[in-house]
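Worksheet: the structure to be examined is printed underneath.
The values are calculated or read from the model by the stated rules, or taken from the named source; none is laboratory data. Note that this is a predicted model, so its numbers are computed, not measured. Neighbour counts are summed over all protein chains in view; Cβ atoms, including those assigned to glycine, are modelled from backbone coordinates with ideal geometry. Quick note on the areas: whole protein, heavy atoms, side chains included, nothing else; ligands and nucleic acids left out. Shrake-Rupley method; radii C 1.70, N 1.55, O 1.52, S 1.80 Å.
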Amino acid sequence: MKCIFCGCTDSKVIDSRSTDEGRTIRRRRECMQCGKRFTTYETIETTPILVIKSGGNRQAFDPNKIKNGIIKACEKRPVSMSKIDKLVEDVKKQIFNSLEQEISSKRIGEMVMDGLKSIDEVAYVRYASVYRQFTDISSFMNELEALMKENKNKAQQEEKPV
């Protein structure tokens, strides 16, 4: 590792610690030439994933965009940041575990909506209204009716004796 102060390539590791839930290693180093200390981070290299937008253009996958969208949908709702962070992590894991280098924004949106549905139904409807670009009240009502039907089916399943 090259020293940021003198440029020497000879350094020794003084301390190593795991950070970011074990995905990154923080190393404290000391330059053998000038004696100054500096910090380096070692992470797992991942292949970049491209998101195919609805218009056909591609851009690098950015989990912060997912998080910002979820935060907007959960505004003034009783949803903790830990639940939001967990949902973002779950979506990231699904995307990286798919082993695909390109994924459609539509598929990502569906993953987010599936997660939001179990966290908060109002946030789910808010997200769906932007994501599915409801153009009129009937398309919005169709989504609400589907959600209500799903809830009714769940309630009936829970009432059935085993």
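Numbers at a glance
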| quantity | calculated |
| --- | --- |
| Test: residue in segment 44-66 that is touching a helix residue (DSSP H, G or I) at 6+ places or on another chain (Cβ under 6 Å) and of a type in the set (Lys, Arg) | yes |
| Filtered residue count, segment 111-125, keeping only those that are open to solvent by 10 Å² or more (accessible area, probe 1.4 Å) and within 13 Å of the chain's Cα centre (by Cα) | 2 |
| Test: residue in segment 84-94 that is without any contact (Cβ under 8 Å) to a residue 24 or more places away in the chain and either exposed (fewer than 12 other Cβ atoms within 10 Å of the Cβ) or touching a His at 6+ places or on another chain (Cβ under 7 Å) (or both) | yes |
| Residues (outside any loop (DSSP other than H, G, I, E, B) and small (Gly, Ala, Ser)) located in segment 34-77 | 60, 69, 73 |
| Scan of segment 79-122 for residues that are in contact with a helix residue (DSSP H, G or I) (Cβ under 7 Å, 6 or more places away or on another chain) and more than 17 Å from residue 52 (Cα to Cα), ordered by number | 79, 83, 84, 87, 88, 90, 113, 115, 116, 117, 119, 121 |
| Subset of segment 1-33 (residues that are in a loop (DSSP other than H, G, I, E, B), among the hydrophobic types (A, V, I, L, M, F, W, C) and open to solvent by less than 50 Å² (accessible area, probe 1.4 Å)) | 3, 8 |
| Residue check for residue 44: out of contact with any strand residue (DSSP E or B) (no Cβ under 7 Å at 6 or more places or on another chain), hydrophobic (A, V, I, L, M, F, W, C) and open to solvent by less than 60 Å² (accessible area, probe 1.4 Å) | no |
| Pair list, Cβ < 8 Å and 6+ apart or interchain, from segment 1-26 residues that are free of Cβ contacts under 8 Å to residues at least 40 places away in the same chain to residues that are of a type in the set (A, V, I, L, M) and open to solvent by less than 70 Å² (accessible area, probe 1.4 Å) | 16/25; 17/25; 18/25; 19/25 |
